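The values are calculated or read from the model by the stated rules, or taken from the named source; none is laboratory data. Note that the structure is a prediction, hence the values are computed from the model and not measured. Cβ: placed from backbone, ideal geometry, glycine included. Neighbour counts: every protein chain shown.
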Amino acid sequence: MKSVALVLLGLVSFSSVVWAGSDADAIAASGLAWEKAYNSGDGAAVAALYTDDAALFPPGAARVDGKQAIADFWNAAIASGLANVELETTELEFFGDTANEVGYIAGTVPADGGGTTAVGGKFIVIYKRDADGMWRLHRDIWNLGR
């Protein structure tokens, strides 16, 4: 269960964005796409939302670089049973073509003896705006606990 919980916090946050403006709306839409892709079991679709040179920084694990490795990471998280992911943005700041997002994540993991256990944590995501104008996740770091 510990490895499943560690994976949980790699999930990025996008729901409940309250900041006005098209850039914030675009990041919120990407977040909803991330959440939908993850919860439907599609790690490749999750990875498609990252920059080509993106990196994950999972707690207690090696850095994960590039879209294929990120897809493999999220597919492993999905296979481990991490499910019902819910995301909440608490801060969103823009600096030109870079944005920083801070928030919380919650989900469930299989419990010993059956059923599920709630898990959660906090994260920071750095976004970059691509040449096509799309905001993509560039750096993704998290830890357990709220």
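Here are the numbers for the structure shown:
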read-out	value
Counted residues, region 83-112 - those being at positive phi and without any contact (Cβ under 8 Å) to a residue 40 or more places away in the chain	1
Any chance A48 is in contact with a helix residue (DSSP H, G or I) (Cβ under 6 Å, 6 or more places away or on another chain), within 24 Å of E91 (Cα to Cα) and modelled with pLDDT of 95 or more	no
Verdict on A37 being over 20 Å from T90 (Cα atoms) and at pLDDT 90 or above	yes
Restricting region 1-34 to residues that are modelled with pLDDT under 50, surrounded by fewer than 18 Cβ atoms within 10 Å (Cβ to Cβ) and not basic (K, R), the residue that is farthest from S80 (Cα to Cα)	A20
In region 93-103, the residues that are within 16 Å of the chain's Cα centre (by Cα) and either more than 15 Å from W34 (Cβ to Cβ) or in a loop (DSSP other than H, G, I, E, B) (or both)	N100, V102
Odd one out for S80, checked against (1) polar (S, T, N, Q); (2) surrounded by 17 or more Cβ atoms within 10 Å (Cβ to Cβ); (3) without any contact (Cβ under 8 Å) to a residue 40 or more places away in the chain	(3)
Meets criteria (touching a strand residue (DSSP E or B) at 6+ places or on another chain (Cβ under 9 Å), surrounded by fewer than 17 Cβ atoms within 10 Å (Cβ to Cβ) and at pLDDT 95 or above) for T117	yes
Contacts under 8 angstrom Cβ, first residue in region 120-137 being within 10 Å of D97 (Cα to Cα), partner β-branched (V, I, T), 6 or more apart	Y127/I27; Y127/T98; K128/T51; K128/T98; R129/T98; D130/T51; W135/I27
Criterion: assigned to a helix (DSSP H, G or I) and under 20 Å from T98 (Cα atoms) - qualifying residue of A33, A44, A37, A71	A33
Count of residues meeting criterion [closer than 18 Å to S22 by Cα and part of a strand (DSSP E or B)] in region 120-146	7
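Quick grid of which residues meet (1) surrounded by fewer than 19 Cβ atoms within 10 Å (Cβ to Cβ); (2) out of contact with any helix residue (DSSP H, G or I) (no Cβ under 9 Å at 6 or more places or on another chain); (3) not in a strand (DSSP E or B):
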site	(1), (2), (3)
A54	no, no, no
A76	yes, no, yes
E86	yes, no, no
T89	no, no, no
G113	yes, yes, yes
